[in-house]
Amino acid sequence: MSTDKPTVDSSRSSVSTKIFLIVAIFSLPIGVLAYLLAANYTPQIESAQTEISGNAAQKPLMTVLYGLLSSKNIVEGCDSGACGEELAKQTNLISGSLEAAKSQNAQYATDLKTTNDELAKKDHKDLSFDALQAEWKGLTTAGANIATPAARGELAAGYERMAGHIKQLVSYVGDSSSLILDPDLDSYYLVDVTLLGVPETITHIDKTGAIANKLIAGGSNAVDQAALAGEIDLLQQSVDRIIASNKTTFDADAANHGVSPTLQPKLSGALKEFQSAMASYVATLKTVGTGSTQVTAGAVAAQAASAQKATLDYWNTGAAELDTLLNMRITDFQTGRIQALGYSALAVVVATIIAFLIGRSITKPLQELVRNLGPGATLLGVSVERIAEASQSKNPSPEEAAIICEELNAHAENMRSAVLELARHVEGSSAASRLVSESTGPAHS
């Protein structure tokens with residue numbers, strides 16, 4: 001009789017391992033989806049961070065623009081150079097703000113493409129901070145001598161020229177930082193105010209003041225009156241644009257990344273101050289436009305200065321609130337990214353736990369079957385050996401044969417029960433019932 005032991009294929013995986021492999025395969029799409037969600041949030045976060053950098057870079061530049069146009073207004077409105085003290089205040093403001101802008105640029109130049117090389121590639125050498133500081137140095141030197149009308153006129157033209165360069169740089173930063181392409185309605189219209197509306201308004205304040213001073217100094221004439229009326233219309237359009245954009249920002253705030261707690265309270269107050277100052281200034285301009293001699297150059301200069309200051313204050317408040325909106329967007333996207341990754345990880349963990357429980361529900365009965373079948377198979381082998389020995393005996397014992405048969409029947413019944421239990425786990429209760437009916441037949445003697 002053969003005594004060869006059964007061989008075991010060690011390359012085959014267990015049922016539990018195969019179940020976990022199935023779970024891992026089906027978890028792969030979850031991981032890919034989580035990666036794609038996280039990858040989708042990342043560029044939006046980076047874009048908002050770049051916008052914040054652009055907004056930060058614009059803050060000192062707007063102060064420089066305000067200082068230059070205010071200095072122009074002072075120079076054009078003073079007599080015999082008697083405005084040195086006021087001009088000195090603006091000179092200090094511009095120098096400090098220009099230095100702050102250069103310092104900001106050192107931090108953000110790569111992201112905003114405002115390095116000397118990048119500006120040169122785009123034919124904007126005159127917008128580099130080295131060029132701007134050289135231009136400003138020339139203006140500060142010229143500002144030391146404003147005794148003659150010609151000197152004041154030349155200096156005013158220099159202020160206006162440099163203000164144009166600053167406006168170009170503000171617009172360039174708005175493009176390079178993607179502020180101009182802001183995707184949310186509330187922040188988009190606030191960008192419209194800070195990037196376009198306010199710079200244009202400050203410029204129109206300067207232009208209307210210059211024409212008004214010309215009318216006051218040279219007397220009324222139809223050409224200058226028509227020019228002033230045209231500039232007043234453009235100024236009013238800029239103001240109306242700011243008010244309309246401001247309203248849209250308020251209306252759209254709730255629909256984008258939550259309601260800002262400071263947007264309306266702070267910006268509403270600054271807007272009222274801006275509107276009040278602009279209304280007074282426009283009223284003064286219209287009086288000058290009628291040919292009235294009651295308004296002096298000093299009064300126009302004072303009104304223009306007040307309007308410029310209110311406009312800058314409104315811009316600073318708007319820029320701060322824009323930062324708040326952008327930071328809220330970043331926080332919202334970061335939360336979304338964490339949630340996407342967290343829920344995906346949770347789904348994989350839950351699937352793993354379920355797979356473990358299902359695997360246990362399958363492998364535990366199978367292990368029990370193994371424990372039941374193993375001894376039975378061993379005893380069956382022993383019984384077969386005893387039958388073989390008995391068959392070879394010259395005097396077989398009926399009693400021994402009966403005992404062997406009883407043992408075989410017991411082992412067969414145990415194995416039949418184990419097979420039924422296995423069928424129930426593998427194919428369900430109906431399969432087990434079918435096997436019972438198939439195994440039922442006439443009794444054998």
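Can you tell me how many residues in segment 130-162 are under 15 Å from residue 94 (Cβ atoms), polar (S, T, N, Q) and in contact (Cβ under 8 Å) with a residue 40 or more places away in the chain?
Within segment 130-162, the subset under 15 Å from residue 94 (Cβ atoms) is 132-144, 155-156, 158-162.
Okay, now just the ones that are also polar (S, T, N, Q), so 133, 140-141.
Adding the requirement that they be in contact (Cβ under 8 Å) with a residue 40 or more places away in the chain leaves 140.
Going through segment 130-162 one residue at a time, the tally reaches 1.
Filtering segment 59-82 down to residues that are modelled with pLDDT under 95 and polar (S, T, N, Q), which residue is surrounded by the fewest Cβ atoms within 10 Å (Cβ to Cβ)?
80
Please go through segment 236-249 and pick out each residue that is within 10 Å of residue 189 (Cβ to Cβ) and without any contact (Cβ under 8 Å) to a residue 24 or more places away in the chain.
Residues satisfying the conditions are 244, 247.
Check off (1) buried (at least 22 other Cβ atoms within 10 Å of the Cβ); (2) at pLDDT 95 or above; (3) touching an Asp or Glu at 6+ places or on another chain (Cβ under 8 Å); (4) among the β-branched types (Val, Ile, Thr) for residue 52 and give me the number that stays unchecked.
(1)
So for segment 337-351 (the condition being polar (S, T, N, Q), part of a helix (DSSP H, G or I) and without any contact (Cβ under 8 Å) to a residue 24 or more places away in the chain), does at least one residue qualify? Steps first, please.
Taking segment 337-351 first, the residues polar (S, T, N, Q) are 339, 344.
Checking the rest, the ones that are also part of a helix (DSSP H, G or I) come to 339, 344.
Subsequent filtering for residues that are without any contact (Cβ under 8 Å) to a residue 24 or more places away in the chain retains 339.
Among the residues of segment 337-351, at least one is polar (S, T, N, Q), part of a helix (DSSP H, G or I) and without any contact (Cβ under 8 Å) to a residue 24 or more places away in the chain, which makes the answer yes.
Looking at residue 279 and the list (1) surrounded by fewer than 21 Cβ atoms within 10 Å (Cβ to Cβ); (2) within 30 Å of residue 51 (Cα to Cα), which single condition is not satisfied?
Single failed check for residue 279: (2).
Given the residues 259, 223, which is the only one that is of a type outside the set (Ser, Thr, Tyr), assigned to a loop (DSSP other than H, G, I, E, B) and without any contact (Cβ under 8 Å) to a residue 12 or more places away in the chain?
Values: 223 fails: assigned to a loop (DSSP other than H, G, I, E, B).
Among 259, 223, only 259 is of a type outside the set (Ser, Thr, Tyr), assigned to a loop (DSSP other than H, G, I, E, B) and without any contact (Cβ under 8 Å) to a residue 12 or more places away in the chain.
Could you please find all residues in segment 252-272 being within 22 Å of residue 311 (Cα to Cα) and either surrounded by fewer than 16 Cβ atoms within 10 Å (Cβ to Cβ) or over 38 Å from the mean Cα position of the chain (by Cα) (or both)?
To start, the set of residues in segment 252-272 that are within 22 Å of residue 311 (Cα to Cα) comprises 262-272.
Across segment 252-272, the qualifying residues are 262, 265, 268, 269, 272.
Between residues in segment 84-102 that are under 13 Å from residue 65 (Cα atoms) and residues that are surrounded by fewer than 17 Cβ atoms within 10 Å (Cβ to Cβ), which pairs lie under 9 Å by C-beta distance while being six or more apart or on different chains?
Going by the 9 Å Cβ cut-off, the qualifying pairs are 91/140; 94/140; 95/140; 98/133.
The values are calculated or read from the model by the stated rules, or taken from the named source; none is laboratory data. Just so you know, these numbers come straight off a predicted model, no measurement behind them. When we count neighbours, we look across all protein chains shown, and the Cβ atoms used for this are built from the backbone with ideal geometry, even at glycine.
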